[in-house]
Amino acid sequence: MTREEKAVLKTFDIACEILTTPDLVLRAPTEDDVQEIATLANNHKISSMLDSIPFPYFDADAQKFVEHISKPNVGECVFAITNAGTGELMGMCGLHLIDRRFELPHMGYWIGEGFWGKGYATQAARAVVDLFFKVGTEDTLLMSVLETNQASRRVIEKCGGEFWHQDTRYSTHFDKEMKVDHFRITRESWVGAVAA
């Protein structure tokens, strides 16, 4: 790890603790989640909304993902989104502190199709944004979304995200460059979103 990467992590000194919302528990993913992750992520509707999840998505992909995020000092804080009542896995949400976009830490998430439209993505995203600003010292967080993903755009706006600019990124699902909208969340815009 470089000196610069260590400096970044010092500004966000956290072990990915458990977060709770009215309906969710966000916790570290484990080996026990591999099959559920693969089942949820193996959905073309999910891969079509993200630039990083392939389709089909196999158990081996989920295993590699869990192994990666379990390594210490990787500059990521990733949460399994689970149902507070049943413990059922619903998706993933995470902060990426070293693997920056436009020199900014960024956050991403996805929710299994069966849980769409119920406000779970908003609860999870807002919990992680709140953690970022409470624990970290940085003042801006980036969230990005494919131009076609209007549902995620609304989630980002509910977190105080303000449109910044658009570029293109390669989509493994479409096997081509796709338009991506980038949003910045500042401490000020987050406070405004919480107060709204």
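Structural remarks
- Extension gain from Lys134 to Arg100, taking 0.36 nm per residue of separation minus the Cα-Cα distance: 10.3 nm
- For the range 117-176, the Cβ-based charge dipole about the Cα centre amounts to some 320 debye (Lys, Arg positive; Asp, Glu negative; other atoms uncharged).
- Accessible-area value, Asp61, 1.4 Å probe, nucleic acids and ligands omitted, Å²: 50
- In Å², nearest 10: area of Phe174 left accessible to a 1.4 Å probe: 80
- Cβ-Cβ distance of Lys179 and Thr39, R₀ of 30 Å, FRET efficiency by 1/(1 + (r/R0)^6): the value works out to about 0.50.
- Whole-number D in µm²/s for the chain (Stokes-Einstein; Kirkwood sum over Cα pairs; 10 °C, 1.306 mPa s): 93
- For Thr137, the solvent-accessible surface with a 1.4 Å probe is about 90 Å², rounded to the nearest 10.
- Under-29-angstrom lysine pairs by C-alpha in the chain, whenever the two are 8 or more apart or on separate chains: 20
- Size of charge dipole - the range 52-146 - debye, nearest 20, with Cβ of Lys, Arg +1 and Asp, Glu -1, no other charges: 140
- Label separation (Ile18 vs Glu88): 2.0 nm, computed from points 7 Å beyond Cα along the C-beta direction.
- Amide H within-cut-off set for Ser171, under 5 Å, with H built and near neighbours excluded: Lys176, Glu177, Met178
- Solvent exposure of the chain amounts to 52 Å² per residue of accessible area, where only protein heavy atoms count and the probe is 1.4 Å.
- Long-range Cα-Cα pairs in the range 33-112 (distance over 22 Å), rounded percent: 25
- Between the residues His173, Thr186, Gln123, the greatest Cα displacement towards the positive end of the dipole of the range 105-196, with unit charges on the Cβ of Lys, Arg, Asp and Glu, is found for Gln123.
- As a length-normalised measure over Cα pairs under 8 Å and 6 or more apart, the relative contact order of the chain settles at 21 percent.
- Residue-span extension gain [Phe58 to Tyr170] - 0.36 nm each, minus C-alpha spacing: 38.3 nm
- With every protein chain in place, the chain: carbon and sulfur % of accessible area (1.4 Å): 51
- Along the range 18-27 the Karplus relation, 6.51 cos²θ - 1.76 cosθ + 1.60 evaluated at θ = phi - 60°, assigns HN-Hα couplings of 7, 10, 10, 10, x, 10, 10, 10, 9, 9 Hz to successive residues, with x for each Gly and Pro.
The values are calculated or read from the model by the stated rules, or taken from the named source; none is laboratory data. Source: prediction; values computed, not measured. For neighbour counting, all protein chains shown are included, and Cβ atoms are generated from backbone atoms with ideal geometry for every residue, glycine included. Surface accessibility is based on the protein's heavy atoms, side chains included, excluding ligands, DNA and RNA. Shrake-Rupley method; radii C 1.70, N 1.55, O 1.52, S 1.80 Å.
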